[in-house]
Amino acid sequence: MTDTPWYVEAFRSDYRDVYSHRNLPAAREETAWVAAELLAGVEGPVLDDCCGFGRHSLALRERGVDVFGIDLSLDLLRSSSDLERGAELLGGRLACADMRSLPFHDGAFDAVLNLFTSFGYLGADGDRAAVQEMARVLRPGGWLVMDLMNPSRIREGLQPSSREARDGIVLESERALTDGGRRVTKTVRLTLASGEMRTWHEDVRMYEPEELDGLLEAVGVRTIRRAGAFDGRPFESASAERQIVVARRDPGPLTR
């Protein structure tokens, strides 16, 4: 056993090979509505919190958004230069940091984005700290966009196991619900073409809409609306693909 947190083990250099569909073309589609509607009128800097290898940051930069990104994975951050125009558009804009302790001053950003289920990894205290930090670096009146799993849909349609073989690799996953259905866990076994095998465990806390709203309200951020997919369609608990939360920091002093 290792004491390394699962989210460190999971996001290694082979992440992009394992999840090759999570690429720049997909990011362009996923950020089109965010940029056109949610960031319309935002002229100041935007933070891509947990940016991975920068695919969403790059897609937003292509649209003229003044975006900066942080992530805990050096492996993924280093691979951002492999993206089309990655070195040109993202050079000097991505940094290695923990979302629980962001290296920015209070009110540094007009908007903060937390995309593609990058929340719920850190335990109750860690999740609260992450929300506190997102609120802290938002200017008063700034916008927060969080993209999470829809718990109802996950619980209804969870696939217990899967196996995929492609491009010389084999990816096997086993999934389960724990903690009374509040957490979804996954054990992943990756076998490379060389025969090398790597196994890791994922564990994500799912947040019901009212739970997340409570976390945000506690740090002075108020939910404005929810969407059920990256095209902005209304959120329906039973069927929504995603839970995309659009919130705004109160104009007054930050709640501590």
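The values are calculated or read from the model by the stated rules, or taken from the named source; none is laboratory data. This is a predicted model, so every value here is computed, not measured. Glycine gets a Cβ as well: all are built from the backbone with ideal geometry, and neighbour counts include every protein chain shown. Accessible surface areas use protein heavy atoms only, side chains included; no ligands, DNA or RNA. Shrake-Rupley method; radii C 1.70, N 1.55, O 1.52, S 1.80 Å.
Structure above, values below:
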{"quantity": "Residue-averaged [θ]222 nm for the chain, counting only DSSP H segments that reach four residues, each worth -39500 (n - 2.57)", "calculated": "-7000 deg cm²/dmol"}
{"quantity": "Apportionment of accessible area to carbon and sulfur, the range 133-256, percent (1.4 Å)", "calculated": "48"}
{"quantity": "Amide H within-cut-off set for Asn23, under 5 Å, with H built and near neighbours excluded", "calculated": "none"}
{"quantity": "Folded to 0 to 90 degrees: helix 123-137 orientation relative to the chain principal axis, Cα", "calculated": "40"}
{"quantity": "Solvent-accessible heavy-atom area per residue, rounded to whole Å², over the chain at 1.4 Å", "calculated": "47"}
{"quantity": "Max mean-square fluctuation residue, GNM over the chain, Cα-Cα springs under 10 Å, options Asn114, Asn23, Asn150", "calculated": "Asn23"}
{"quantity": "Peptides 9-21, 38-50 ordered by average Cβ neighbours within 10 Å, highest first", "calculated": "38-50, 9-21"}
{"quantity": "J(HN,Hα) series, the range 166-180, from Karplus relation 6.51 cos²θ - 1.76 cosθ + 1.60, nearest Hz, glycine and proline x", "calculated": "6, 6, x, 10, 10, 10, 10, 9, 10, 10, 7, 9, 9, 6, x"}
{"quantity": "Gaussian network model of the chain, springs between alpha carbon atoms under 10 Å - residue of Leu72, Leu190, Leu60 with greatest fluctuation", "calculated": "Leu190"}
{"quantity": "Net charge dipole size for the range 64-114 [Lys, Arg +1 and Asp, Glu -1 on Cβ; Debye, nearest 20]", "calculated": "80"}
{"quantity": "For Val112, distant residues with modelled amide H under 5 Å away", "calculated": "Leu47, Trp143, Leu144, Val145"}
{"quantity": "HN-Hα J in Hz across the range 29-44 - Karplus 6.51, -1.76, 1.60, θ = phi - 60°, x for Gly and Pro", "calculated": "5, 5, 9, 4, 5, 4, 6, 6, 10, 6, 9, 4, x, 7, 9, x"}
{"quantity": "Residues whose placed amide H lies under 5 Å from that of Val221, excluding near-sequence neighbours", "calculated": "Asp250"}
{"quantity": "Phi-based couplings in Hz for the range 5-12 (Karplus 6.51, -1.76, 1.60; Gly and Pro marked x)", "calculated": "x, 4, 6, 7, 5, 6, 9, 8"}
